[in-house]
Structures are given as C-alpha cells and as structure tokens.
Amino acid sequence: MSAGGGVLGPLRVAVLGGGTMGREIARVFVTAGHEVTVWSRSPETVAAVRADLDGAVAGADSAADAANGADLVVETIVEDLGLKTALLAEVEPCLAADGVLTTNTSSLSITRLARGLRNPSRLLGMHWFHPASHMPLVELVLGADTAPDTLERAERVCASLGKSTVLVREDIPGFVVNRLQYALMREALALVAAGVVSAEDIDLAVSGTLGPRWCASGLFELMDLAGLNTVRRVSKVIMPALSTDAEVPELIEQLCAEGRRGATSGSGFYAWAADRLTRAGHARTAFLTLARDLARDRP
C-alpha cells in the first residue's frame, strides 16, 4: 500500500474478529472492492460471516494466516487489553512491508496496545461505529508512537471507502465521540434519577430535537448560529448545575443487579420483545441512511 497520492488500488485486508462489528467492517471493505480475509476464534463465526456476505470474504484458520501479506489489519475482538495486545503482536510480523495495523477499540489506550509490537509506529486506532456500513464517520486515534505515514495511509483508506474521519491527536480514554456521548448520558441519567423527567421523555427530547438538529449542524456550528453572546449567557446559568458524578450512575448499577442489562437480556429501561427490536433496527437503518446522505451534502 503506497503512501503516495493517486487512486488507491485493491487492498488485502485482514479483519480479526467476526462479531457484529467485524462482520460489518468486512462488508464495507468488500463493497469497496478490496480482498478481505476474516478470522475469529470460532470457526462457526467465520462460516457465518462468509455466508452472510455470500462468500465474498475468505476465512482463515489462524490470525497469522489472515494477516499474511495484508496491507491492512483491522483488529476488532473483545475489549480486553491483554487479548488485543497479544493478538496484535502475533500478527505484526505477517503484514506486508508497508502494512498498517489498526484496532477498533472504543476505550483502550493505543499507546499501551502498541507496547508489545516490534514497531509501534505501525499501529493506530481506527474506531468504527455500528452499523459500519451506514455510519459515515471513523475516528482515527494516534498513539504516542504512531508514524505520520501510518496516519496518511489510514486516511487514504477511509477516503476510498467514502468515510469521513475525525483525527484524535491525544490518546485519551473514550477518544472523542464516546466522550461526547457519555457526557450526555451522564446528565440524562442524573435527571431521571432525580425524578425530573422520565427515561421515555429524555429519549423523546433527544430524538425530537437534538438528533435532527445535530444531523444538520455540529455543536460549534450551532453555537455560531445561536450567537456566542447567547451561548455565553446561558452557559453561566446551566453549566454550573450539570452533573459532575464520576462514578457509574446508581441507576445503571441497580438495573444490572436486577439482570436488566438492556435489549440482549429482554429488558433494561424498556421491555424488549422481538417486534420492538425489529422496529428499532428498521428505524435506525432508515435514519442513518438519511444522516449519511445529509453528511455527503454538507459544505
């Protein structure tokens, strides 16, 4: 994979991990015409990915086999520092000479993940969002040793896939998108726990105002449109009153203790029957398709 300009040719891509994210990431690369090999600790998972993608990806018996001669490795296994570090170190010697290692971690330090590598400059975070085929953005996260040409290659790959990128220059917990998301979640949980508003009405407030607004404009653009003098005045009233709780909210702890872990357990804040899951999936796909199209039209 050349770091120079011009059209990016077909790449040999290894996707390590065949779960929900791995399958979707493989789909993105296959759709863009790249040669994809998938590995998972479970052969049944690899078979399921291949069946879902109509055999358009190859399967591998080992991570090293999947990464052999690869231009790009996308590691997307369970969020465990030890497992990820060991896997990245295992496949590093197998890459093409100018191959790039990426990890889809959403919270772990890129710098720490690179400690087991012979050449840590080849690793960076490539943080995808679910569903990868519809989400228009990928976060690129620099570790302390990530080389400029590694970043350049990753940027070229994302551009070839039609993805916008956010560059995270500091290897901080949660990167950017999750930090923004969890800041809002913390305030939402604090309001519900205090009895100010119901969980259902929080969701209505977000889906009926903030969500559509943010599809059209980002936070800083909205601040400019509102007028920074207005933002300044309102900030002085609201920001000192916002939750600063640094612990996992008690409401989440209570629900988990009751076995109400969300959709996968059948209940959380809501009861999740099969028809509700289906409706939520269809709605997400429809709105994300619209958001993706709007993002392409932005100046």
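The values are calculated or read from the model by the stated rules, or taken from the named source; none is laboratory data. Here the structure is a predicted model, which is why all the values come from computation and not from measurement. Cβ atoms come from the backbone with ideal geometry, glycine included; neighbour counts cover every protein chain shown. Remember, those area values only see protein heavy atoms, side chains included, never the ligands or the DNA or RNA. Shrake-Rupley method; radii C 1.70, N 1.55, O 1.52, S 1.80 Å.
Would you say T230 is modelled with pLDDT of 95 or more, assigned to a helix (DSSP H, G or I), polar (S, T, N, Q) and open to solvent by less than 70 Å² (accessible area, probe 1.4 Å)? Step through it out loud before you land on a result.
On the way: modelled with pLDDT of 95 or more: yes; assigned to a helix (DSSP H, G or I): yes; polar (S, T, N, Q): yes; open to solvent by less than 70 Å² (accessible area, probe 1.4 Å): yes.
When the stated conditions are applied, T230 passes them.
Identify, please: which residue in the stretch 196-219 is acidic (D, E) and over 19 Å from V177 (Cα atoms) and is, among those, surrounded by the fewest Cβ atoms within 10 Å (Cβ to Cβ)? Lay out the reasoning, then the answer.
Taking the stretch 196-219 and keeping what is acidic (D, E), we get 200-201, 203.
Add one more test, that the residue is over 19 Å from V177 (Cα atoms), and what stays is 200-201.
Working: E200: 11, D201: 13.
Restricting to residues being acidic (D, E) and over 19 Å from V177 (Cα atoms), the top hit is E200.
Pairing each residue of the stretch 245-267 that is within 20 Å of L184 (Cα to Cα) and without any contact (Cβ under 8 Å) to a residue 60 or more places away in the chain with any residue that is open to solvent by less than 40 Å² (accessible area, probe 1.4 Å) and part of a helix (DSSP H, G or I), provided the two are 6+ apart or on different chains, yields C-beta distances under 9 Å for D245/L189; D245/A190; E250/L189; R261/L255; G262/L255.
If you go through the stretch 242-275, how many residues are open to solvent by 80 Å² or more (accessible area, probe 1.4 Å), hydroxyl-bearing (S, T, Y) and not in a helix (DSSP H, G or I)?
So in the stretch 242-275, the residues open to solvent by 80 Å² or more (accessible area, probe 1.4 Å) come out as 244, 246-248, 250, 253-254, 257-258, 260-261, 264, 269, 275.
So of that shortlist, the ones also hydroxyl-bearing (S, T, Y) come out as 244, 264.
Remaining after also requiring not in a helix (DSSP H, G or I): 244.
Looking only at that region, the number is 1.
Filtering the stretch 160-183 to residues that are open to solvent by 70 Å² or more (accessible area, probe 1.4 Å) and either of a type in the set (S, T, Y) or over 19 Å from T111 (Cβ atoms) (or both) leaves L180, Q181, Y182.
Is the stretch 104-121 home to any residue that is touching a Cys at 6+ places or on another chain (Cβ under 6 Å), over 28 Å from A280 (Cβ atoms) and polar (S, T, N, Q)? No, because not a single residue in the stretch 104-121 is touching a Cys at 6+ places or on another chain (Cβ under 6 Å), over 28 Å from A280 (Cβ atoms) and polar (S, T, N, Q).
Those helices (runs of 4 or more DSSP H) of the stretch 1-70 in which at least 1 residues are of a type outside the set (S, T, Y), open to solvent by 40 Å² or more (accessible area, probe 1.4 Å) and over 17 Å from L95 (Cα atoms), considering only elements entirely within it, cover 20-31, 43-52. Condition test on V237, is it without any contact (Cβ under 8 Å) to a residue 24 or more places away in the chain and loosely packed, with under 12 Cβ neighbours inside 10 Å? Spelling it out, V237 is indeed without any contact (Cβ under 8 Å) to a residue 24 or more places away in the chain and loosely packed, with under 12 Cβ neighbours inside 10 Å. Filter the stretch 71-86 down to residues that are touching a residue at least 12 places away in the same chain (Cβ under 8 Å) and assigned to a helix (DSSP H, G or I) and give me whichever is least open to solvent (accessible area, probe 1.4 Å). Ranking the qualifying residues of the stretch 71-86, first place goes to K84.
Which residue is farthest from G174 (Cα to Cα), if the candidates are limited to the stretch 129-138 and must be open to solvent by 10 Å² or more (accessible area, probe 1.4 Å) and under 8 Å from the mean Cα position of the chain (by Cα)? For the stretch 129-138, the residue satisfying everything is H130.
Restricting attention to the stretch 184-195, and to residues there that are small (G, A, S) and open to solvent by less than 70 Å² (accessible area, probe 1.4 Å), which single residue is nearest to R27 (Cα to Cα)? The extreme case among them is A188. Against the conditions (1) open to solvent by 50 Å² or more (accessible area, probe 1.4 Å); (2) of a type outside the set (A, V, I, L, M); (3) under 22 Å from T37 (Cβ atoms); (4) at pLDDT 95 or above, D145 satisfies every one except (3).
Looking at the stretch 92-107, can you tell me whether even one residue there is buried (at least 19 other Cβ atoms within 10 Å of the Cβ), more than 22 Å from the chain's Cα centre (by Cα) and not small (G, A, S)? Taking every residue of the stretch 92-107 in turn, at least one turns out to be buried (at least 19 other Cβ atoms within 10 Å of the Cβ), more than 22 Å from the chain's Cα centre (by Cα) and not small (G, A, S).
Tell me the strands (runs of 3 or more DSSP E) entirely within the stretch 87-178 that contain at least 1 residues that are out of contact with any Leu (no Cβ under 7 Å at 6 or more places or on another chain) and touching a residue at least 24 places away in the same chain (Cβ under 8 Å).
123-127, 137-141
Looking only at the stretch 276-297, which residues are among the aliphatic types (A, V, I, L, M) and either open to solvent by 70 Å² or more (accessible area, probe 1.4 Å) or modelled with pLDDT under 70 (or both)? So that I can check it myself, show each step before the final result.
If we filter the stretch 276-297 for residues that are among the aliphatic types (A, V, I, L, M), which is where we start, we get 277, 280, 283, 286, 288, 290-291, 294-295.
Once the filter is applied, which keeps residues that are among the aliphatic types (A, V, I, L, M) and either open to solvent by 70 Å² or more (accessible area, probe 1.4 Å) or modelled with pLDDT under 70 (or both), the stretch 276-297 yields L277, L290, L294, A295.
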